[in-house]
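This report concerns only the one structure given below.
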Amino acid sequence: MHPDLQTTYLGVNFRNPFILASAPPTATADMVRRAFEAGWGGAVIKTLSHEPVSNLPNRFATIRNGSRIIGFENLELLSEQGPDEWYRDIAIIKADFPHCPIIGSIMGSTDSPEGWLSLARGCQDAGVDLLELNFSCPHGYPDRGSGAAIGQNPEYAARITNWLATCSEITTPIIPKLTGAVADIRYIAEELAQAGAHGFCAINTIPSFFGFDLTTLRPRPDIGGMTSYGGYSGPGIKPIALRAVSEICNSPGLPVMACGGIANGFDAAEFMLLGAPVVQVGTEVMLRGFGVIDRMRQDLLTFMEWHSFSSLTDFIGLCRDRVTSFEELSGRHLLLPRFLKNLCNNCGDCITACRDGGYQAISRNNGLPVIDPDACTGCSLCSHVCPTGAIGMEQQAPDRSV
Ligand SMILES: Cc1cc2nc3c(=O)[nH]c(=O)nc-3n(C[C@H](O)[C@H](O)[C@H](O)COP(=O)(O)O)c2cc1C
């Protein structure tokens with residue numbers, strides 16, 4: 001029998017933890033419908049605002065590693081579809097897929113509660129299960145004092161959260177969506193928890209610039225020869241998202257919807273080990289379509305089988321305490337490299353790295369690498385540059401020669 005993938009977030013049940021992030025795959029009701037038919041656990045609609053939206057052409061850029069896209073940049077704005085159409089569509093999708101939660105996503109300004117409250121009321125009346133507050137879009141809106149300009153200012157973010165949390169008409173849980181582009185995300189989350197947030201989504205895209213095409217000298221993305229700073233997403237931002245989720249799970253401890261760079265079910269498992277009961281996926285769906293849900297679910301099941309976990313609750317938060325402050329780390333655990341002779345292809349990469357980026361502790365003996373135990377500090381650089389996995393880091397004093 002397969003382990004169970006059901007999960008709960010703030011009292012809302014999801015058939016699996018994979019939720020579509022607010023992004024192009026949730027731009028229309030038809031797309032959300034197809035996603036639910038494909039098996040997605042839930043969806044955050046593309047962010048609603050009262051301002052009309054007109055998107056730029058050629059608004060994406062990518063970074064590749066071979067054929068794989070590992071970084072994605074966008075200069076896209078919010079939903080092109082207006083709030084009233086969305087309210088109608090949310091009600092229809094909710095009626096057709098009652099077991100698939102829909103999360104509203106809204107953005108207003110810092111000076112008036114009414115914009116936020118009317119969008120929240122509209123989404124709530126249409127039947128959303130949760131409400132995400134977009135405090136984190138890094139382009140377009142910050143110049144006008146909205147988006148990430150809110151998430152980077154605890155005072156504004158807390159004020160808006162409080163408007164919604166203290167409005168007696170709004171009974172739907174509110175979830176600020178935070179930006180990772182801040183000095184101290186934990187502090188911001190703590191302020192918003194005090195202001196009445198029920199949970200968090202972390203993170204949105206990261207402010208970025210994807211450089212130049214060196215043959216044409218035009219910037220990326222190239223919008224009539226010019227560009228602007230955009231939002232970075234995809235696998236490249238996963239470490240930034242993991243850190244943000246880890247920090248917020250520790251304090252204030254409200255439940256987090258993890259988002260950022262999740263490209264498969266194993267990525268999802270890492271966020272869940274930190275404490276996230278659900279994960280959101282944006283870029284990977286844009287690149288590979290709604291069908292990736294099959295692989296993601298299978299990856300997660302495979303991970304669970306490795307450890308004989310029978311439900312997600314067996315491991316959500318299990319490794320949260322494995323991340324601590326730098327001061328708490330102890331150098332007592334002396335880890336030293338161990339060479340596996342049969343895997344070494346004698347390329348010399350470890351020798352070069354140790355010579356010019358380490359402690360000059362590796363040399364050749366009869367053509368093969370050998371460690372000088374007095375010079376080696378156990379930094380681990382050699383194990384990372386080794387292309388064949390012939391160097392592992394081991395706690396006990398190993399036989400360090402091949
Ligand atoms: C093209 C594009 C448009 C996006 N639009 C929105 C949006 O309207 N509202 C929002 O909260 N986040 C938006 N995002 C951010 C995603 O929801 C998500 O936070 C981010 O892309 C990181 O996740 P990922 O690496 O899985 O894509 C957008 C992302 C992309 C790539």
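Name the single residue, out of those in the stretch 34-72 being part of a loop (DSSP other than H, G, I, E, B) and touching a helix residue (DSSP H, G or I) at 6+ places or on another chain (Cβ under 6 Å), that is farthest from G224 (Cα to Cα).
Keep residues of the stretch 34-72 that are part of a loop (DSSP other than H, G, I, E, B), which gives 39-41, 45-47, 49-59, 66-67.
Next, from what is left, pick out any that are touching a helix residue (DSSP H, G or I) at 6+ places or on another chain (Cβ under 6 Å): 39-40, 45-46, 50.
Working: G39: 40, W40: 37, I45: 30, K46: 26, H50: 28 Å.
Applying the filter and picking the extreme gives G39.
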Which residue out of D213, D267 is more than 11 Å from the ligand (Cβ to nearest atom), assigned by TED's automatic domain parsing to the domain that holds P101 and free of Cβ contacts under 8 Å to residues at least 40 places away in the same chain? D213
Within the stretch 369-383, count every residue that is exposed (fewer than 13 other Cβ atoms within 10 Å of the Cβ) and touching a helix residue (DSSP H, G or I) at 6+ places or on another chain (Cβ under 9 Å). 0
Here are some residues: S330, S308. Which one is on the phi > 0 side of the Ramachandran plot and either surrounded by fewer than 19 Cβ atoms within 10 Å (Cβ to Cβ) or of a type in the set (A, V, I, L, M) (or both)? S308
Here are the criteria: (1) farther than 29 Å from F315 by Cα; (2) part of a helix (DSSP H, G or I); (3) touching a Phe, Trp or Tyr at 6+ places or on another chain (Cβ under 7 Å); (4) not polar (S, T, N, Q). Tell me which single one M31 does not satisfy. (3)
State whether one or more residues within the stretch 127-147 are modelled with pLDDT of 95 or more and surrounded by fewer than 16 Cβ atoms within 10 Å (Cβ to Cβ). no
Filter result for F14 (assigned by TED's automatic domain parsing to the domain that holds E284 and surrounded by 22 or more Cβ atoms within 10 Å (Cβ to Cβ)): yes
Check whether at least one residue in the stretch 11-33 is farther than 22 Å from F271 by Cα, away from the ligand (no atom under 16 Å from the Cβ) and not aliphatic (A, V, I, L, M), and report yes or no. yes
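Just for the stretch 73-88: of the residues that are within 9 Å of the ligand (Cβ to nearest atom) and assigned to a loop (DSSP other than H, G, I, E, B), which one is farthest from Q124 (Cα to Cα)?
L75
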Could you please tell me which pairs satisfy a Cβ distance under 6 Å, a separation of 6+ or placement on different chains, a first residue in the stretch 48-67 that is under 18 Å from P221 (Cα atoms), and a second residue that is among the acidic types (D, E) and assigned to a loop (DSSP other than H, G, I, E, B)? N55/E76; R59/E76
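Going through G115, G108 one at a time, which residue ends up being surrounded by 16 or more Cβ atoms within 10 Å (Cβ to Cβ), away from the ligand (no atom under 13 Å from the Cβ) and free of Cβ contacts under 8 Å to residues at least 60 places away in the same chain?
On the way: G115 fails: free of Cβ contacts under 8 Å to residues at least 60 places away in the same chain.
Among G115, G108, only G108 is surrounded by 16 or more Cβ atoms within 10 Å (Cβ to Cβ), away from the ligand (no atom under 13 Å from the Cβ) and free of Cβ contacts under 8 Å to residues at least 60 places away in the same chain.
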Among all residue pairs at least 6 apart or on different chains, which show Cβ distances below 7 Å where the first residue, located in the stretch 23-34, is in the same structural domain as A91 (by TED's automatic domain parsing) and crowded, with 20+ Cβ neighbours inside 10 Å and the second is among the basic types (K, R) and modelled with pLDDT of 95 or more? A23/K46; T26/K46
Any hit, the stretch 343-352, residues being touching a residue at least 60 places away in the same chain (Cβ under 8 Å) and either among the hydroxyl-bearing types (S, T, Y) or touching a helix residue (DSSP H, G or I) at 6+ places or on another chain (Cβ under 9 Å) (or both): no
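I'm checking my understanding of the structure. Among residues of the stretch 93-103 that are more than 11 Å from the ligand (Cβ to nearest atom) and surrounded by 14 or more Cβ atoms within 10 Å (Cβ to Cβ), which one is nearest to N134 (Cα to Cα)?
Here is the first cut: in the stretch 93-103, the ones more than 11 Å from the ligand (Cβ to nearest atom) are 93-102.
Then drop every residue that is not surrounded by 14 or more Cβ atoms within 10 Å (Cβ to Cβ), which leaves 93-94, 97, 100-102.
Numbers: I93: 22, K94: 22, F97: 25, C100: 21, P101: 18, I102: 15 Å.
Among residues in the stretch 93-103 that are more than 11 Å from the ligand (Cβ to nearest atom) and surrounded by 14 or more Cβ atoms within 10 Å (Cβ to Cβ), the one nearest to N134 (Cα to Cα) is I102.
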For residues in the stretch 270-283 being in a helix (DSSP H, G or I) and more than 14 Å from the ligand (Cβ to nearest atom), which is nearest to R320 (Cα to Cα)? L274
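The values are calculated or read from the model by the stated rules, or taken from the named source; none is laboratory data. Note that the structure is a prediction, hence the values are computed from the model and not measured. Cβ coordinates were reconstructed from backbone atoms using ideal geometry, including for glycine residues, and neighbour counts include every protein chain displayed.
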